[in-house]
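Engineer: Sharing a structure with you now.
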Amino acid sequence: MEVFISWLGDACASNADIEDLIEGVLGEQGEVTGGGEGDTGGNIDIEIFEDGDADRLMSEIVQAISDHVPKNASYVFADDEERHLLRDQLPGASRVPVQLQAAGEGVCGGLNGALGAAARARGETMPFTCVFGMVEGTTVISQLAGRLPVQVVRERLESWVSGEAAAMIKQPLGLVGATAWEAHYNGLPLLRVPIP
């Protein structure tokens, strides 16, 4: 089974060191098959062999590497679309209410719709997308991944959030009592929108 681990921003250790930690957990039950580091973050691909216990191994891998990667680090199994935040898999991690998770997904979907419409109106392609929604307490944080300068992303996002995307952000979050929405880009906080 293939598993893809990724994060935005800089890790606290090199990819080689993180891969060594993963290999130590996998032993004979799997292997690191690829990975890389770039301007926006990093990734490591692994293969868990058929006789390996994927859930147990991923739990051990999460514990081994969580201190070495950014808080937004996550993994996804190749045969599943659901992405798992590493820190949510740690022992004692608080569970996010289902309603707040749903609101976060609604924000990502709505924001992408607004960004796409604005880009098409300008005759452009979308410069970045909201690719990951997660919830901390009552604040929804969206990681926006792309390669534009941070200031350009901030200006475009401020424009969209004050226009069509405002309702798409505030309505689903208001329904679950969230107090604010924050946008982050490549690990840098960009914009905070209070929810009245």
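The values are calculated or read from the model by the stated rules, or taken from the named source; none is laboratory data. From a predicted model like this one, the values you see are computed outputs, not experimental measurements. Heads up, the Cβs are rebuilt from the backbone with ideal geometry, glycines too, and the neighbour counts pull from every protein chain shown. Only protein heavy atoms, including side chains, enter the accessible area calculation; ligands, DNA and RNA are left aside. Shrake-Rupley method; radii C 1.70, N 1.55, O 1.52, S 1.80 Å.
Engineer: Can you work out ³J(HN,Hα) from phi for every residue in segment 101-118, in order, using Karplus 6.51 cos²θ - 1.76 cosθ + 1.60 and θ = phi - 60°, giving whole Hz and x for Gly and Pro?
Structural biologist: For segment 101-118, the Karplus curve yields 4, 4, 5, x, 5, x, 5, 4, x, x, 5, 4, x, 5, 5, x, 5, 5 Hz.
Engineer: Report the label-to-label distance for Val76 and Arg120 in nanometres (one decimal), using points 7 Å from each Cα along the Cα→Cβ vector.
Structural biologist: 2.2
Engineer: Using only Cα atoms, locate the centre of segment 39-94 and the centre of segment 142-196, then give the distance between them in Å, rounded to an integer.
Structural biologist: Value for the Cα centre distance between the two parts: 26 Å.
Engineer: For Ala54 paired with Gln101, estimate the spin-label separation in nm (one decimal), with each label point 7 Å from Cα along the Cα-to-Cβ line.
Structural biologist: The modelled label-to-label distance comes out at 1.8 nm.
Engineer: Tell me the label-point distance for the pair Ala93, Ala64, using the 7 Å Cα-to-Cβ offset, in nm and rounded to one decimal.
Structural biologist: For Ala93 paired with Ala64, the spin-label model returns 1.7 nm.
Engineer: Springs between alpha-carbon atoms under 10 Å, Gaussian network over the chain: tell me which of Leu157, Leu85, Leu21 tops the mean-square fluctuations.
Structural biologist: Highest fluctuation among the options: Leu21.
Engineer: Let me ask something else. Before I look further, what does the chain give for accessible area per residue, probe 1.4 Å, in whole square angstrom?
Structural biologist: I get 51 Å² per residue for the chain.
Engineer: Between Glu37, Glu82, Glu60, where does the largest GNM mean-square fluctuation fall for the chain, given springs only between Cα atoms within less than 10 Å?
Structural biologist: Of Glu37, Glu82, Glu60, the most mobile in the Gaussian network model is Glu82.
Engineer: Considering only Gly109, Thr40, Ala54, whose Cα is most displaced toward the positive end of the charge dipole of the chain, charges sitting on Cβ of Lys, Arg (+1) and Asp, Glu (-1)?
Structural biologist: It is Gly109, whose Cα lies furthest towards the positive end.
Engineer: Per residue of segment 173-180, what does 6.51 cos²θ - 1.76 cosθ + 1.60 with θ = phi - 60° give for ³J(HN,Hα)? Whole Hz please, x for Gly and Pro, Karplus curve as stated.
Structural biologist: Values per residue, Gly and Pro as x: 6, x, 5, 9, x, 5, 9, 6 Hz.
Engineer: At 1.4 Å probe size, with the rest of the protein present, what percent of the exposed accessible area of the chain is carbon and sulfur atoms?
Structural biologist: Numbers: 4840 of 9900 Å².
Using a 1.4 Å probe with all protein chains present, the chain comes out at 49 percent carbon and sulfur.
Engineer: Helix-only estimate, please: 222 nm mean residue ellipticity of the chain, summing -39500 (n - 2.57) across DSSP H runs of length 4 or more and dividing by its residues, to the nearest 500.
Structural biologist: Only helices count here, giving -11500 deg cm²/dmol.
Engineer: Hey, in the GNM for the chain with a 10 angstrom Cα cutoff, which one of Val69, Val150, Val107 fluctuates hardest?
Structural biologist: Comparing Val69, Val150, Val107 in a Gaussian network model of the chain, the most mobile one is Val150.
Engineer: What is the local net charge at Glu164, summed over the other residues whose Cβ is closer than 14 Å to its Cβ (Lys, Arg +1; Asp, Glu -1)?
Structural biologist: Neighbourhood net charge equals +3.
Engineer: Less than 14 Å Cβ to Cβ from Ser59, Lys/Arg counted +1 and Asp/Glu -1: what total charge do the surrounding residues give?
Structural biologist: So the surrounding residues net to -2.
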